[in-house]
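See below for the structure under consideration.
The values are calculated or read from the model by the stated rules, or taken from the named source; none is laboratory data. Everything numeric in this text was worked out from a predicted model, so none of it was measured. Glycine gets a Cβ as well: all are built from the backbone with ideal geometry, and neighbour counts include every protein chain shown. In case anyone asks, the SASA skips ligands and DNA or RNA and just uses the protein heavy atoms, side chains included. Shrake-Rupley method; radii C 1.70, N 1.55, O 1.52, S 1.80 Å.
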Amino acid sequence: FLGMVQKLDQKLPVANEYLLLSGGVREGVVDLDLDELNVYARGTDYDMDFTLLVPALKLHDRNQPVTLDMRHSALCHSWLSLRLFDEGTISKWKDCCTIVDHINGATNYFFSPTKVADWFYDSISIVLSEIQKKPQRGMPKVEKVEKNGTIISIILGVGSSRMLYDIVPVVSFKGWPAVAQSWLMENHFWDGKITEEEVISGFYLVPACSYKGKKDNEWRLSFARSEVQLKKCISSSLMQAYQACKAIIIKLLSRPKAISPYHLRSMMLWACDRLPANYLAQEDYAAHFLLGLIDDLQHCLVNKMCPNYFIPQCNMLEHLSEETVMLHARKLSSVRSDPAEHLRTAIEHVKAANRLTLELQRRGSTTSIPSPQSDGGDPNQPDDRLAKKLQQLVTENPGKSISVFINPDDVTRPHFRIDDKFF
């Protein structure tokens, strides 16, 4: 799809690099926290979910002058000026900019997250329309396409599985922003486990505005690439505790909007910096870590203080009202009094979703007819070899970065890269 979007008007970089994250935007894999996101239910709507970061602008050339304008923004946010870019880039993206004329007659073009998202959705819609007119062998079935704020959600039928992709247009940078430079001067849990070059290889601007910002101009700084690297240094028992805590709180604290899984992940990273490495490495301490994460979350709520891990001077909870804080603190107290019961409830919800998925698949297999994307083979034997291959690679290569490269002219022959090795 994205290769065809690139061909449409040549706006996307030719040699683009897409970061695929396990889990959807709703699970807080990136700090977007958008209120416009539609509610999807695992089992009913999809079986697996992913977030795909798609660079609309790829600013990796050190000679390219970049102006991050933070004068109008809250911490962790910025406007992006194209004023110093070449005429070709400005001409290509002018329709996706807000234009500000200065008194001295100069014109400034600010890359607009909302206009970029509108362009991206229109382009994807055109491509999907073309695909439906001329289906190709091996192309997955498109079950749903929706725009939620600046996010595009696509549900694909791949063999017997339904995959939800939250596609996010971003600006990609090499290196590290000056606003987060002081973070590098501190001691961290990952020191000696991975190199600084791996941690600071790049960052993004994602289309999300602060609570008082101007949504047409304001982007949020994201360190998703660094978080993928840091995840390699977190013990399996702490990750289990994080997943358990997320499963418990994600619905309990969803209304009114206050705590997202991204807040919880930030707390986990701070805990890794704060606690002794030999304690965090204990394999049978998952229950201890779960209680610790709940306590940390309660402390952050009561004090309305959750620093961003990479830019600690940015407090991600300062906008909350006292009423919202106390409501969630009381809910969390009930969890702390009997975490096992809340965890059992969360597990039962997962089991119910799995049963629903299997039931829907069973019904589909008995009533299905060949889709226009199929090659006319047996409809009861869907072609999900790519999905199975990916599942095998993920299982056999825990903690590694897996990329898939697909030629848009021949989607039947994917190529894989695990970390830096191609095959």
Residue list for the range 146-166, restricted to those being open to solvent by 20 Å² or more (accessible area, probe 1.4 Å) and not aliphatic (A, V, I, L, M): GLU146, LYS147, GLY149, GLY159, SER160, SER161, ARG162, TYR165
Positions within the range 119-137 being of a type in the set (Asp, Glu) and touching a helix residue (DSSP H, G or I) at 6+ places or on another chain (Cβ under 8 Å), in sequence order: GLU130
Among the listed residues SER81, SER112, identify the single one that is of a type outside the set (A, V, I, L, M), buried (at least 17 other Cβ atoms within 10 Å of the Cβ), free of Cβ contacts under 8 Å to residues at least 60 places away in the same chain and touching a strand residue (DSSP E or B) at 6+ places or on another chain (Cβ under 7 Å). SER81
How many residues are outside any loop (DSSP other than H, G, I, E, B) and open to solvent by 40 Å² or more (accessible area, probe 1.4 Å) when one looks only at the range 180-197? 6
Taking the condition of being touching a strand residue (DSSP E or B) at 6+ places or on another chain (Cβ under 7 Å) and open to solvent by 40 Å² or more (accessible area, probe 1.4 Å), how many residues in the range 32-44 meet it? 2
Somewhere in the range 176-186, is a residue out of contact with any helix residue (DSSP H, G or I) (no Cβ under 6 Å at 6 or more places or on another chain) and under 30 Å from SER123 (Cβ atoms)? yes
Residue within the range 147-169 that is farther than 17 Å from ASP273 by Cα, of a type in the set (Phe, Trp, Tyr) and modelled with pLDDT of 90 or more present: yes
Number of positions in the range 299-339 that are in contact with a helix residue (DSSP H, G or I) (Cβ under 9 Å, 6 or more places away or on another chain), open to solvent by 30 Å² or more (accessible area, probe 1.4 Å) and more than 30 Å from PHE203 (Cα to Cα): 6
Can you go through ASP384, ASP410, ASP375 and tell me which one is open to solvent by less than 40 Å² (accessible area, probe 1.4 Å), over 24 Å from the mean Cα position of the chain (by Cα) and modelled with pLDDT under 65? ASP384
